[in-house]
Amino acid sequence: MVRFMFVHLSDTYSVSIEDIVAIVQDIPLLKGRRRRNKQWQNKDVIHVFPDEPIESYLVTVDTVYGLSMSISGVGRRLQRAAMGIPVNLYTKR
């Protein structure tokens, strides 16, 4: 039996743990001629909580999510998700 684990980013957004590529603190410039920046040009950036500052970015295969949680907090929660423990990446304030 195959189980797909989803991580809840907010009440509106959730992603499959299989689709997560990376967690980064800053995204490279979206404009420029450098080769490393071209991978970000086709990505949609979704600001999950528009009223809160972005502290980290969750990169999936087709979207980048701006999160209001620190990169270390996101990493700890994703480790638990990898063990099959349900998690969310937001705190209700």
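With each label modelled as a point 7 angstrom along the Cα→C-beta vector, the Asp26-Asp62 pair spans 3.0 nm. Distance between the modelled labels on Asp19 and Ala82, one decimal in nanometres: 2.0 nm (7 Å Cα→Cβ projection). Amide H contacts for Val64 (H built 1.01 Å from N in the peptide plane; partners 5 or more residues away or on another chain; cut-off under 5 Å): Asp44, Val45, Ile46.
Only the coordinates and a few stated rules stand behind these numbers; no lab work does. What you see is a predicted model, and the numbers here were worked out from it, not measured in a lab. A quick note on method: Cβ atoms are made from the backbone with ideal geometry, for glycine too, and the neighbour counts reach across all protein chains shown.
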